[in-house]
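Undergrad: Have a look at this one before I ask anything.
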Amino acid sequence: MDRRRPPQTEEGWYVLHDFRSVDWDAWRNAPERRRARALEEGIDYLSSAAALADVDAEEGGSAVFSVIGHEADFMVLHLRPTIADLDALERRFEGTALAEFTEHTDSYLSVTEVSGYMSEEYFEEGGEADSGIARYIESRLEPEIPDAEYVSFYPMDKRRDAERNWYDLPFDERAEYMSGHGDIGRQYAGRVTQIISGSVGLDDHEWGVTLFADDPADIKELLYEMRFDPSSSRFGEFGRFRFGRRFAPENLGALLSGERVSQEVDEGDRHGHGHGHDHGSSHGHGGNDRSSGHHGDSNGHGHAQGSDNEDDSDVRDELEDLGVYAGKPHGEDVHAVVLYSAADVDELFEEVQGLRANFDHYDSHVKTAVYDAEGDGDKSEAAVVSLWETERAANTAAGFLGDLPKIVRQAGDDGDSWGTMGMFYAVEPDHRGDFVGTFEEVGDALADMDGHRKTTLLANLEDENDMFIASRWDAREDAMAFFRSDAFAETVEWGRDILTERPRHVFLA
């Protein structure tokens, strides 16, 4: 009798979906003083959970959602590193005055999970998974609860009946099914975000699936399309679906008053008499002006690859002493994923366009573009640059971008060298030729510098005046020697007159 090979799995944070119904008769009949206390303690509990006040390392996340339908009035979603953390959170709620007015109608316990279906190399001893896939896997194991307005949660199993037994299929066949299933999900990148968690031995089903979106129709469309995929149509068994809207803990009073709730904080709700104005989904990212127009005194060609945070901070300080603008650790900087592909540039551009349409649904997405080498640069490789406001979003995007055709490497992977990357070279159209010519002159100077390996100028296929410069060096000190050189200082001075905005350092995720 053959024993099928199970995929290896890795587990991350534990997940609790906690469903509560309100005893509305008790709430209406309670004295105002008792309701005020319940509301205050309920807000304090939800706010402290969202602020991760219960864990030392500030790992995990919590959010609260109003639940539409008869099964619950609200759901609290907790992600924490250990089950002990969840156990304490659940008991702590029972100690609040709000708990006296609620009934614990349901719950679901699971743990974030990835399996060998995604990347066998990730699990092999001594194996080296693609760095983009590795970062994507890590983001799946320790996910951030999205700021999306809507949530849908459901448990599911794989069939084990006489005619269709998922667990009796060979590994390669199961992997093929899962690959096709994943292809559908990738089409919704930027529109629907998912947290997949395993629950074998923890709850009644085998997995829990939590979907987040700003448009509920996107969730419906995704699930409808997946129904026709063989992985679901032949082998999927689904539990009950629950659907809700996220709201700020401070707006608990609006929920209990029967008013509309949202993620916008209305301070009146803290006292139980808020107006419940619904301002829609609030993501807290500010305006939509991504370029920021950082005009300034100097060019920036800052350190980007192969360092930890402390090293990065040291480089920033040293560049600042040299008068080189390298951005700031937070705020105006962006996080970048840069991959190089040997695919035909037109084919690559078409693939990137499809991903970008989905990325644009995320407020944290700055831009994604294809760049090709200028002049005598390396025409065998084009670059895909994806810029994000948060590192976690960049890591997630890296997983999708890693599936682009003929990806040969990701910036930051070359462990035996040190990289710099200057971005946001927005050139005045009338000076584009001057910029390219000056780059060639600087390139000649670089060729004679100790430790210099390669420098390439690349231009955006959609905007030839948008460029970036990528360099490789034997070591950090070799690159810093260039930044201290007269040739670089002269380039900085000259660049003030021909660039529309200041280039700056970016982080590489």
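The values are calculated or read from the model by the stated rules, or taken from the named source; none is laboratory data. It should be emphasised that the depicted structure is a prediction, and the values quoted were computed from it without experimental measurement. Positions of Cβ are generated from backbone atoms using ideal geometry, with glycine treated the same way; all protein chains shown enter the neighbour counts. These area figures cover heavy atoms from the full protein model, side chains too; ligands, DNA and RNA do not enter into them. Shrake-Rupley method; radii C 1.70, N 1.55, O 1.52, S 1.80 Å.
Undergrad: Kindly sort 349, 235 by accessible area of their heavy atoms, largest first, with the probe set to 1.4 Å.
TA: Details: 349 50, 235 10 Å².
In descending accessible area the options line up as 349, 235.
Undergrad: Not counting ligands, DNA or RNA, and with a 1.4 Å probe, what is residue 367's accessible surface area in Å² rounded to the nearest 10?
TA: Roughly 60 Å² of residue 367 is accessible to a 1.4 Å probe.
Undergrad: Of the listed pairs 367/406; 158/406; 158/367, which have alpha-carbon separations greater than 31 Å here?
TA: Working: 367/406 21 Å; 158/406 33 Å; 158/367 38 Å.
Too far apart for the 31 Å limit: 158/406; 158/367.
Undergrad: Then there is this: What is the dipole size for the range 430-507, taken about its Cα centre, with +1 at each Lys and Arg Cβ and -1 at each Asp and Glu Cβ, in debye to the nearest 20?
TA: 400
Undergrad: Quick check on the range 1-83: take the gyration tensor over C-alpha atoms, sort the square-rooted eigenvalues as a ≥ b ≥ c, and tell me if it's rounded (a/c under 1.5), prolate or oblate.
TA: Working: a/c = 4.52, a/b = 1.87, b/c = 2.42.
Judged from the Cα gyration tensor, the range 1-83 comes out oblate (a/c at least 1.5, b/c at or above a/b).
Undergrad: Quick one: check the C-alpha center-to-center distance for the range 168-224 versus the range 431-478, whole angstrom.
TA: Cα centroid of the range 168-224 versus Cα centroid of the range 431-478: 43 Å apart.
Undergrad: With the full set of protein chains in place, find how many percent of the accessible area of the range 123-217 is carbon and sulfur; take the probe as 1.4 Å.
TA: On the way: 1850 of 4450 Å².
Accessible surface attributable to carbon and sulfur in the range 123-217 totals 42 percent.
Undergrad: So, taking all protein chains as they sit and a 1.4 Å probe, how much accessible area belongs to residue 188, in Å² rounded to tens?
TA: 10
Undergrad: Can you work out the accessible area per residue across the range 28-168, with the rest of the protein chains kept in place, probe 1.4 Å, in square angstrom?
TA: On the way: 6830 Å² over 141 residues.
For the range 28-168, the solvent-accessible area averages 48 Å² per residue.
Undergrad: Quick one: ranking 231, 115 by accessible area, 1.4 Å probe, largest first, what do you get? Kindly include the intermediate steps, with their values, before the conclusion.
TA: On the way: 231 0, 115 20 Å².
Largest accessible area first, the list is 115, 231.
Undergrad: Keeping all protein chains in position, work out how much accessible area residue 197 exposes to a 1.4 Å probe, and write it in Å² to the nearest 10.
TA: The value for residue 197 is about 0 Å².
Undergrad: Next question. Leaving ligands, DNA and RNA out of it, rank 450, 215 by accessible area with a 1.4 Å probe, largest first. Spell out each step's value before the answer.
TA: Numbers: 450 130, 215 70 Å².
Correct descending sequence by accessible area is 450, 215.
Undergrad: Right, here's the next one. Give me the extension gain from residue 34 to residue 409: residue separation times 0.36 nm, minus the current Cα-Cα distance, reported in nm with one decimal. Please list the in-between numbers first.
TA: Working: separation 375, 0.36 × 375 = 135.00 nm, distance 6.16 nm.
Stretched fully, the residue 34-residue 409 segment lengthens by 128.8 nm.
Undergrad: Using mean Cβ contacts within 10 Å as the protection proxy, how do 173-179, 96-102, 71-77 order, highest first? Could the numbers behind the result be given before it?
TA: Values: 173-179: 16.1, 96-102: 19.6, 71-77: 21.7.
Listed from highest to lowest mean packing, they are 71-77, 96-102, 173-179.
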